[in-house]
1. Residue 54 versus (1) at pLDDT below 95; (2) among the hydrophobic types (A, V, I, L, M, F, W, C); (3) within 21 Å of residue 77 (Cα to Cα): which is the lone unmet condition?
2. Does the range 21-41 include one or more residues that are in contact with a Ser or Thr (Cβ under 7 Å, 6 or more places away or on another chain) and farther than 20 Å from residue 75 by Cβ?
Amino acid sequence: MAAREQMIQTLDGLPDAIPGLTTVMVTHHFEELPTTTTHAALLRRGRVVAAGPVDEVLTTELVTETFAHPIEVHRRRGRWSAVAH
């Protein structure tokens, strides 16, 4: 957990350290997303289910559709989490 939090802190600091830098992160773990995440894409079987601004893409409905399993998505203080029903 400490290593994950250090990684997120480092990623969150990149825009200040290197203005204009674009990063791409691939993960199944929403908890790993930095608070500076602006866009997201959801893929299912190699096809895009949704893509765009993170608040419009990481929704309970779209994530449930993507994983074909009921998943509840939350955002608290800029950090994401997902829990299966």
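1. Failed condition: (1).
2. No, there is no match, as no residue in the range 21-41 is in contact with a Ser or Thr (Cβ under 7 Å, 6 or more places away or on another chain) and farther than 20 Å from residue 75 by Cβ.
Here is a yes/no grid of residues against (1) surrounded by 11 or more Cβ atoms within 10 Å (Cβ to Cβ); (2) part of a helix (DSSP H, G or I):
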site: 6; (1), (2): no, yes
site: 9; (1), (2): yes, yes
site: 16; (1), (2): no, yes
site: 27; (1), (2): no, no
site: 41; (1), (2): yes, no
site: 50; (1), (2): yes, no
site: 64; (1), (2): yes, yes
site: 72; (1), (2): yes, no
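The values are calculated or read from the model by the stated rules, or taken from the named source; none is laboratory data. Since we're looking at a predicted model, the values are computed, not measured. Neighbour counts run over all protein chains shown; Cβ positions are idealised from the backbone, glycine included.
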